[in-house]
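The values are calculated or read from the model by the stated rules, or taken from the named source; none is laboratory data. These figures come from a predicted structure and were not determined experimentally. The accessibility values were calculated without ligands, DNA or RNA, using every heavy atom of the protein model including side chains. Shrake-Rupley method; radii C 1.70, N 1.55, O 1.52, S 1.80 Å.
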Amino acid sequence: CGKAEPTETVEVLAGNPERLQGLREQCKTERAKLGDELCDRVAEATRRRFLGDGTVPYTPPIEQPKF
């Protein structure tokens, strides 16, 4: 009988941009009410949406840029 799994996982939040945006605004103004755990998941989901999952390696261009 442990804690129940959170319904707002990072993956769910990252897949639902409208909900994520709403929670981001609430975390800015009412972090104490929402709790650190949820706001941390919101921040991680935002980071993943912005930066991606990190699986795409950097591939430099074949030709050198000409300045």
**Message:** On the principal axes of its Cα set, how long, how wide and how thick is the chain? Give whole Å, largest value first.
**Reply:** 58, 31, 18
**Message:** Just to confirm the number: angle between the C-alpha axis of helix 36-51 and the first principal axis of the chain, 0 to 90 degrees, nearest 10?
**Reply:** 20
**Asked** Ranked by accessible surface with a 1.4 Å probe, highest first, in what order do Thr55, Thr46 come?
**Response** Thr55, Thr46
**Asked** What ranking of Leu23, Leu51 comes out by heavy-atom accessible area, probe 1.4 Å, highest first?
**Response** Leu51, Leu23
**Accessible surface, 1.4 Å probe, highest first, among residues Val12, Val42** = Val12, Val42
**Prompt:** What accessible surface, in Å², does a 1.4 Å probe find on Glu63, ignoring ligands, DNA and RNA and rounding to the nearest 10?
**Reply:** 130
**Message:** Once ligands and nucleic acids are excluded and a 1.4 Å probe is used, how much of Thr9 is accessible, expressed in Å² to the nearest 10?
**Reply:** 40
**Request:** Report, to the nearest whole %, how much of the accessible area of the stretch 16-55 belongs to carbon and sulfur atoms, 1.4 Å probe, protein only.
**Result:** 49
